[in-house]
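The values are calculated or read from the model by the stated rules, or taken from the named source; none is laboratory data. Bear in mind that the values here come from a model prediction, so they are computed numbers and not experimental data. Cβ sites come from the backbone with ideal geometry, for glycine too, and all protein chains shown count toward neighbours. For the accessible areas, the whole protein counts, side chains as well, though only heavy atoms, and no ligand, DNA or RNA atoms are used. Shrake-Rupley method; radii C 1.70, N 1.55, O 1.52, S 1.80 Å.
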Amino acid sequence: MQNKTRKGAVEKLATGIRGFDEVLEGGVPKGRSTLITGASGTGKTVILNEFLYRGIIQFKENGVYVTFEEDKKDIIKNVKNFGWNYNALIAQKKLTFVDAGALKGVIFESGTNYDFSPLIERVKYALKKVKAKRLVMDSIDSLFSRFQNKDAIRQALYQIVAELKDLGVTALLTGEKVGEEKGLTRYGVEEFVADGAIELELIKGQQQFLRRMFVVKFRGIGFRSGIVEFEITDQGLVVYPKIPIERIVAKTDFKIRKAFGIKGLDEILGGGIPLGHMVLISGNTGTGKTMFGMHFLTQGMREGENAVFLALEEPVEQVKKTALVHGWDFNRSEKEGKIRFVSTSLIDIANDKLLYQIVSAVECINAKRVVVDSISTLMSATMNQEQVRQFLVQLVAYFKRKGVTCVMNYLSPVSFGAVRGQLLSSLMTNEIRLSSMTDGIIMLLFVERDQKIKKLLSVLKMRGSEHATEIFSFEIEKGGIKMGEKYKE
Amino acid sequence: MPVKYVLKLYVTGLTPRSQDAVKSLKKILNEDYKGVYSLRVIDVVKHPNLAEDDKILATPTLIKILPPPVRRIIGDLSNKEKVLLGLDLVAVR
């Protein structure tokens, strides 16, 4: 009994909208009606259009568009921007409209002794005409706003939804959410028309609007909870699903080590970073964090492992230039499909979108090594502490599942750890907080000795693995990092 | 006498409500417009395509096509004054 009500009781229908089906764990409930709600301008109509369009193009499922608001001609014109030719689909009897927008002339209501059976008949007629499997209705509120007899509207909607269920037609209906009022729609239709509801919202960022959606409820149906981001692109909607956290399937292996290719450092680490581990390289500006990352990826490519570099700290071109100085031709590697660079605008970073970009890059070339340069950039950009934490949790979970080994750079404000014993005490709270998510921490520090600034390295933590605990000096030379002696006072 | 008033009445099936609407309307029209009107009664169950063309959402809906302007009344057709007002017609008498 319990299982039945919790999951699998209702079949899902894939919408075909990128990312959307993943969020819904397969799609919308098949043969049911789902409400899309949100304030005006949140993208409700785009979802409806794409649901119909993808249905026809990808799944050979014909569709009916019931419009109470926009003119049929305007809808056809609007979707042309996405390159979708509705006129052709109409001619091929794959799509049809129930055009029920407001009329220009005066309509006189004489009492409330009327019903909406023509609407029902028209919907039935349209469904039959194209043998529809999908239907959309936009929007229920505009129908309500035009007629006095609200009960008759409710009754008609109820009958239409029942008819759709009988015919096994899957529907998306829109309703308008007004302010922070209780309920999902102005007229409270969600209670009787929909088995599920998805709410859309538009958030003001610093430079642009961020679109978000979340599943409000799905009766007895599984879905991925939480807010997800989406975008309206020139090819339609892209939803950025969160990465599911499945710790059980972690592909980590202590026996397999991923070397940096830096003589001395790999020995300190016991051969390198264990497969599937995430290591934080912490240090102030100029300590060489990015350089360690470059070594790590170059060594990987040398061993036939593809790489992804998340360049948040500096522009990709600059990273490539620096690399070239040391003899690493990332441009060529990129052309050969061995490395991919991911970058993003540092204002209004969309968490889920960035994750999606990284995941896409990794999947695309089956990358096994990733460098994130750097986590601190995310923090100083628009992401707050909690967002960064969530971002990392998802990223790390994904990497572990894929067996990707990762180096993440972290800009530590601490620069000088002069005296013995100060190394640890100078650890910042942020690093400690991040520490629970990371498998290892390598600390880079400056030290002032003999009127010179020296660079020091220490492996602070390497989960489940032996490593040297001493402090080592190192230099950045042409050709990369050169490890030095154990550091002595 | 030439037909001066062209009307369409949309109803749903042979329900009592439909039949009442037809009866009431004919009574009103026969009082003042006998011989100069044409009325077409359309059942949306039989002709959903016509309902689609005329964008009919509710029944009964009465449409006055001629003389202009086009007017629509939905709901009760038993009150003569309301019907004529809604159709933008003034009683002859």
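In peptide A:143-150, how many Cβ atoms from other protein chains are near each Cβ within 10 Å, on average?
1
As a test question: what accessible area, to the nearest 10 Å², does residue A:103 have when a 1.4 Å probe is rolled over all protein chains in place?
Number for this one is 60 Å².
Hey, got the dipole for chain A? About the Cα centre, +1 on K and R Cβ, -1 on D and E Cβ, debye to the nearest 20?
Once rounded to the nearest 20, the dipole reads 1120 debye.
How many angstrom separate the Cα center of region A:329-402 from the Cα center of region A:10-26?
25
Assuming a ≥ b ≥ c are the square roots of the Cα gyration tensor eigenvalues, decide whether region A:255-406 counts as rounded (a/c under 1.5), prolate (otherwise, with a/b larger than b/c) or oblate.
rounded
Take the Cα pairs of chain B, get the Kirkwood Rh, then feed it into Stokes-Einstein at 4 °C and 1.567 mPa s and tell me D in µm²/s.
Rounded, D is 97 µm²/s.
Have a look at the DSSP beta bridges in the protein assembly as shown and tell me what percent are antiparallel, nearest 5.
Percent antiparallel among DSSP bridges in the protein assembly as shown is about 45.
How big is the accessible area of residue A:199 in square angstrom, nearest 10, if you roll a 1.4 angstrom probe over the protein chains?
Rounded to the nearest 10, that gives 20 Å².
Set the bar at 19 Å for Cα to Cα. Now go through A:289/A:454; A:60/B:55; A:321/A:400; A:204/A:242 and name every pair that lies beyond it.
Pairs exceeding 19 Å: A:60/B:55; A:321/A:400; A:204/A:242.
How do A:364, A:406 rank by accessible surface area computed with a 1.4 Å probe, from largest to smallest?
Sorted by accessible area, descending: A:364, A:406.
Note the full-extension length gain between residue A:155 and residue A:253 as 0.36 nm times their separation in residues minus their Cα-Cα distance, in nm to one decimal.
Length gained between residue A:155 and residue A:253: 29.1 nm.
In this model, which of A:44/B:82; A:353/A:455; A:124/A:217 are farther than 32 Å apart at the alpha-carbon?
A:44/B:82; A:353/A:455
Could you state the orientation-averaged shadow area of the convex hull built on the Cα atoms of the protein assembly as shown, in nm² to one decimal?
That works out to 33.8 nm².
What average count of beta carbons from other chains do you get within 10 Å of the Cβ of residues in B:42-52?
Mean number of neighbouring Cβ atoms from other chains: 5.
Between region A:66-97 and region B:14-85, what is the C-alpha centre distance in whole Å?
Spelled out, the Cα-based centre of one part sits 31 Å from the other.
Taking only C-alpha pairs under 8 Å that are 6+ residues apart, what is the relative contact order of chain A in percent?
Contact order relative to length: 15 percent.
Once you average over the residues of B:5-16, how many Cβ atoms of partner chains fall within 10 Å of each Cβ?
Mean partner-chain Cβ count within 10 Å for B:5-16: 1.
With every protein chain left in place and a probe of 1.4 Å, what is the accessible surface of residue B:43, to the nearest 10 Å²?
30
From largest accessible area down, sort A:313, A:485, A:61; use a 1.4 Å probe on the protein chains.
Result of the area sort, largest leading: A:485, A:313, A:61.
Leaving ligands, DNA and RNA out of it, rank A:53, A:356, B:33 by accessible area with a 1.4 Å probe, largest first.
A:356, A:53, B:33
Where does each of A:139-145, A:70-76 land if you order them by average Cβ count within 10 Å, highest first?
Ranking the peptides A:139-145, A:70-76 by packing returns A:139-145, A:70-76.
Please identify every one of the trypsin sites (Lys or Arg not before Pro) in region A:448-489 that sits in a loop by DSSP and has no more than 10 other beta carbons within 10 Å of its own beta carbon.
A:478, A:488
Would you mind checking the tilt of helix B:16-32 against the longest principal axis of the Cα atoms of chain B, expressed as 0 to 90 degrees and rounded to 10?
20
Report, in deg cm²/dmol and to the nearest 500, the calculated mean residue ellipticity at 222 nm for chain A, where each DSSP H run with n ≥ 4 adds -39500 (n - 2.57) and the sum is divided by the residue count.
Mean residue ellipticity at 222 nm (helix-derived): -9500 deg cm²/dmol.
So which of A:80/A:133; B:8/B:46; B:26/B:64 end up more than 21 Å apart by C-alpha?
A:80/A:133
Defining a contact as two alpha carbons under 8 Å apart and six or more residues distant in sequence, what relative contact order in percent does chain B show?
The value is 36 percent.
Which of A:203, A:31, A:323 sits closest to the plus end of the dipole of chain A, meaning its Cα is farthest towards the positive end, when Lys and Arg get +1 and Asp and Glu get -1 on the C-beta?
Highest projection toward the positive end goes to A:31.
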